[in-house]
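K.L.:
Let me give you the structure first, and then I'll get to my questions.
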Amino acid sequence: MFGDFGKAVAQFRDPKFSKTVFKALFLTLGLLLLSVFPFYWILEFLLPESIKIPFLGTYYPQAWLNGLAIGFAVIAAAILMFPVAIMIVGVFLDDITEAVESKHYPLLPAVPRLRIREIVFDGVRLFFVMIFANIVAILIYFMIPPLAPFIFYIVNGFLLGREYFQLVAMRRLGEKAATKMRKKFRFQIWLAGIFMAVPLSIPIVNILVPLLGVATFTHMFHRLKEQG
């Protein structure tokens, strides 16, 4: 597992891989920044230019607008960064796996690229599954606060491992065979998912998790496939 991750990180030196990663990062950050502007426009429309408060003087709410927008951007980034990255990485899944396989498994035959409809559906589905799972997990956090970090890693590790291994395996095996293989190695996949979930709590770094996750599970798939 650690070897798979190490190979994924080392491939940043590969121009084909790093180019795909930077495109995904640029698109992710662009979407996050765009989320600020509607909030800014709404505040500008709703807030009056000035408010007179008896005995206190006149205040200018719109002067605070930039500060409010920046605060919203920070909060939005913390909440949306990882889910948005998950959706974006689906678009580049084939490019990432092809970069890994062309470098480390050059003798493999080419496989058809995933259809856009499948990519969008899987990305959106995983987005909402993770949101729902984490909402449920938050309720458990309040019930058992000391276990909150462990619950976070266990839940998100399970989802990351399950979904990304399935997507990577489906390219080579098809859905049924990929599901069978995933179930056979479920504990190794879950453990790898937990390892990938650890950086999720680190802002900015968590954008890289889905990208490195696809590369890591590509190596893991081929390693486990050799084991039978």
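K.L.:
Does the range 215-223 contain any residue that is at pLDDT below 90, of a type in the set (A, V, I, L, M) and buried (at least 21 other Cβ atoms within 10 Å of the Cβ)?
P.N.:
Yes, there is a match, as at least one residue in the range 215-223 is at pLDDT below 90, of a type in the set (A, V, I, L, M) and buried (at least 21 other Cβ atoms within 10 Å of the Cβ).
K.L.:
Taking the conditions exactly as written (assigned to a helix (DSSP H, G or I), at pLDDT 90 or above and β-branched (V, I, T)), does I189 satisfy them or not?
P.N.:
When the stated conditions are applied, I189 passes them.
K.L.:
Considering each of I138, I116, I96 in turn, give the residue that is surrounded by 11 or more Cβ atoms within 10 Å (Cβ to Cβ) and either of a type in the set (S, T, Y) or modelled with pLDDT under 75 (or both).
P.N.:
Details: I116 fails: surrounded by 11 or more Cβ atoms within 10 Å (Cβ to Cβ); I96 fails: either of a type in the set (S, T, Y) or modelled with pLDDT under 75 (or both).
Going through I138, I116, I96 in turn, just one is surrounded by 11 or more Cβ atoms within 10 Å (Cβ to Cβ) and either of a type in the set (S, T, Y) or modelled with pLDDT under 75 (or both): I138.
K.L.:
Sticking with this structure for a sec: Note down all Cβ pairs under 6 Å where the first residue falls in the range 11-28 and is under 15 Å from S102 (Cβ atoms) and acidic (D, E), the second is part of a helix (DSSP H, G or I) and at pLDDT 80 or above, and they're at least six residues apart or on different chains.
P.N.:
Partner pairs satisfying both residue conditions: D14/K103.
K.L.:
Restricting the range 168-195 to residues that are buried (at least 24 other Cβ atoms within 10 Å of the Cβ) and aliphatic (A, V, I, L, M), which is nearest to V100 (Cα to Cα)?
P.N.:
In the first step, residues of the range 168-195 are kept if they are buried (at least 24 other Cβ atoms within 10 Å of the Cβ); the result is 168-169, 189, 192-193.
Next, only the ones that are aliphatic (A, V, I, L, M) stay: 168-169, 189, 192.
Values: V168: 11, A169: 14, I189: 19, A192: 18 Å.
Restricting to residues being buried (at least 24 other Cβ atoms within 10 Å of the Cβ) and aliphatic (A, V, I, L, M), the top hit is V168.
K.L.:
Quick one: count up the residues across the range 170-186 that are farther than 16 Å from H219 by Cβ and not in a helix (DSSP H, G or I).
P.N.:
So the count comes out to 1.
K.L.:
Kindly establish whether L200 is at pLDDT 80 or above, under 22 Å from F2 (Cβ atoms) and in a helix (DSSP H, G or I). First the steps, then the outcome.
P.N.:
Numbers: at pLDDT 80 or above: no; under 22 Å from F2 (Cβ atoms): yes; in a helix (DSSP H, G or I): yes.
So L200 fails the test.
The values are calculated or read from the model by the stated rules, or taken from the named source; none is laboratory data. Bear in mind that the values here come from a model prediction, so they are computed numbers and not experimental data. With ideal geometry, Cβ positions are generated from the backbone for all residues, glycine too; neighbour counts draw on all protein chains shown.
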